[in-house]
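Each value in this text was obtained by applying a stated rule to the coordinates, not by laboratory testing. As the structure is a prediction and not an experimental result, all values here were calculated from the model. Note: ideal-geometry Cβ built from the backbone for every residue, glycine included; neighbour counts use all protein chains shown.
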Amino acid sequence: MNELFLKLVISLLLTLVTEFPVAFLFQAKGKDLLLVFLVNILTNPAVVLVSTLTGDRVSLQMILEGMAILAEGFYYNKYSTYMRKGFLCSFCCNLVSYGVGLLL
């Protein structure tokens with residue numbers, strides 16, 4: 001299996017495992033959990049791919065994470081049913097998942 005593909009899959013799975021519990025703290029349930037899944041399908045592979053192809057520089061990772069937080073927060077605010085404070089939820093989800101990624 002391609003090393004980059006494996007990195008993308010593992011990163012997405014770890015992100016979902018870490019971000020779902022955080023989203024629960026922001027009252028995500030039902031269709032909101034599907035939204036968390038779909039938004040991460042959009043943002044996570046893009047962030048991981050660009051970061052990997054440009055040498056995993058921390059400064060670029062911070063910019064990419066910031067863009068992901070803004071995109072996810074926008075979708076959470078616009079389309080969630082129960083979730084509150086979409087941008088804060090997105091920030092917390094990404095903070096936790098990025099931190100877990102650093103530990104691994």
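General remarks:
- Picking from residues in the stretch 12-52 that are farther than 20 Å from residue 89 by Cβ and of a type outside the set (A, V, I, L, M), the one that is surrounded by the most Cβ atoms within 10 Å (Cβ to Cβ) is 51.
- The listed residue being outside any helix (DSSP H, G or I) and basic (Lys, Arg), out of 29, 78: 29
- The condition of being out of contact with any Lys or Arg (no Cβ under 9 Å at 6 or more places or on another chain) and free of Cβ contacts under 8 Å to residues at least 12 places away in the same chain holds for only one of 90, 97, 59, that being 59.
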